[in-house]
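**Student:** Just dropping this structure here.
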Amino acid sequence: QKEVEQNSGPLSVPEGAIASLNCTYSDRGSQSFFWYRQYSGKSPELIMFIYSNGDKEDGRFTAQLNKASQYVSLLIRDSQPSDSATYLCAVLSGGYNKLIFGAGTRLAVHP
Amino acid sequence: EAQVTQNPRYLITVTGKKLTVTCSQNMNHEYMSWYRQDPGLGLRQIYYSMNVEVTDKGDVPEGYKVSRKEKRNFPLILESPSPNQTSLYFCASSFTGTSEETQYFGPGTRLLVL
């Protein structure tokens, strides 16, 4: 079982719709969860992090965490073509020096 | 400008020819790390360093070496590269590597080993 799992996609949504990206993790002791966006050929950039159960909103982005279900999600409202990228879920595990990444979900927003 | 730089950005080499990929950050970060990214596998940590002269293995350290003689630099060394080390490599840094911080990534080095 992979430590951090994501659907590889592609997830295709029309412009203006809500994109929902999901991630599950295996380490129950994980405390910190991150979403990175990576454009093709570029380095990952952090867009959201969440530590507590529930929702965290930042502009068009909402991260949701459910530790009991070991599940993290990212919602992107009013999706734009510029949101088309690969979204990486990452979990800080085993202390504070090991960031485990999922393989990423490719999002395609079409006009 | 705060940044993490890597050199070279692209490299084609042959099996067995030693190479070094440099990484430098100008943010006075203590924590630095190397990742490789392969299709379908995501980013996997190779080595990390909590501070000068302190390094430790990540998930996939075989075939790699690192050193941390200065705070700003964290070179990745491939003593005898093999084709299975063909990958996209990222260096990253953060202040201390704790959960409250984001890691800043370099632009990446695309390596092809023939």
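The values are calculated or read from the model by the stated rules, or taken from the named source; none is laboratory data. In this text, all values refer to a predicted model and were calculated from it rather than measured experimentally. For neighbour counting, all protein chains shown are included, and Cβ atoms are generated from backbone atoms with ideal geometry for every residue, glycine included. All accessible areas refer to the heavy atoms of the entire protein, side chains included, with ligands and DNA or RNA removed. Shrake-Rupley method; radii C 1.70, N 1.55, O 1.52, S 1.80 Å.
**Student:** Test of understanding: in a Gaussian network model of chain A with alpha carbons linked when under 10 Å, which of A:77, A:37, A:28 would top the mean-square fluctuation ranking?
**Tutor:** Highest fluctuation of the listed residues: A:28.
**Student:** Roughly how many Å² of residue A:26 are accessible to a 1.4 Å probe, to the nearest 10?
**Tutor:** Its heavy atoms expose roughly 50 Å² to the probe.
**Student:** Apply the Karplus curve 6.51 cos²θ - 1.76 cosθ + 1.60, θ = phi - 60°, to the phi angles in region A:55-65 and return the couplings in whole Hz, x for Gly and Pro.
**Tutor:** Using θ = phi - 60°, the values come out as 10, 9, 10, 8, x, 7, 9, 10, 9, 10, 10 Hz.
**Student:** Considering only B:78, B:46, B:14, whose Cα is most displaced toward the positive end of the charge dipole of the protein assembly as shown, charges sitting on Cβ of Lys, Arg (+1) and Asp, Glu (-1)?
**Tutor:** B:14
**Student:** If I take every Cα pair under 8 Å that is 6 or more residues apart in chain B, average their sequence separation and divide by the length, what percent do I get for the relative contact order?
**Tutor:** Averaging sequence separation for qualifying contacts and normalising by length gives 36 percent for chain B.
**Student:** Give me the accessible area buried between chains A and B, both sides summed, with a 1.4 Å probe, in Å² rounded to the nearest 100.
**Tutor:** Chains A and B together bury approximately 1600 Å².
**Student:** Below 14 angstrom from the Cβ of residue A:17, what's the summed charge of the other residues (Lys, Arg +1; Asp, Glu -1)?
**Tutor:** Spelling it out: positives minus negatives among the neighbours equals -1.
**Student:** For region B:30-77, list whatever residues lose no less than 50 Å² of accessible surface once every protein chain is in place, relative to that chain by itself, with the probe at 1.4 Å.
**Tutor:** Those residues are B:43, B:59.
**Student:** Could you work out the relative contact order of chain A? I mean the mean sequence separation of Cα pairs under 8 Å and 6+ apart, divided by the number of residues, in percent.
**Tutor:** Contact order relative to length: 38 percent.
**Student:** Right, something else. When 1/r is averaged over all different Cα pairs and the result inverted, which Kirkwood radius in Å belongs to region B:8-114?
**Tutor:** 13.8 Å
**Student:** Please get the size of the charge dipole for chain A, origin at its Cα centre, with Cβ charges of +1 on Lys and Arg and -1 on Asp and Glu, quoted in debye to the nearest 20.
**Tutor:** Computed charge dipole of chain A: roughly 220 debye.
**Student:** Same structure again: Among the listed pairs A:56/B:71; A:67/B:71; A:67/B:65; A:42/B:71; B:18/B:71; A:56/B:65, which have their C-alpha atoms separated by more than 32 angstrom in this model?
**Tutor:** A:56/B:71; A:67/B:71; A:67/B:65; A:56/B:65
**Student:** Let me ask something additional. Assigning unit charges at the beta carbon (Lys, Arg +1; Asp, Glu -1) and nothing else, what dipole magnitude in debye, to the nearest 20, does region A:48-111 show about its Cα centre?
**Tutor:** 200 debye
**Student:** Sticking with this one: Give me, ordered by chain and number, the residues 5 or more places off residue A:12 or on other chains with an amide H under 5 Å from its own placed amide H.
**Tutor:** Amide H neighbours of residue A:12, under 5 Å, 5+ apart: A:108.
**Student:** Quick one: go through region B:63-87 and flag any residue whose amide nitrogen is under 15 Å from the point 7 Å out along the Cα-to-Cβ line of residue B:17.
**Tutor:** B:78-83, B:86
**Student:** For chain A, compute the orientation-averaged projected area of the C-alpha convex hull (one quarter of its surface), in nm².
**Tutor:** 6.7 nm²
**Student:** Sticking with this structure for a sec: If ligands, DNA and RNA are left out, what is the accessible area of residue B:88 with a 1.4 Å probe, given in Å² to the nearest 10?
**Tutor:** Approximately 20 Å² of residue B:88 is accessible to the 1.4 Å probe.
**Student:** In addition: Could you give the length gained by full extension between residue A:78 and residue A:18, i.e. 0.36 nm per residue of separation minus their alpha carbon distance, to one decimal place?
**Tutor:** 21.0 nm
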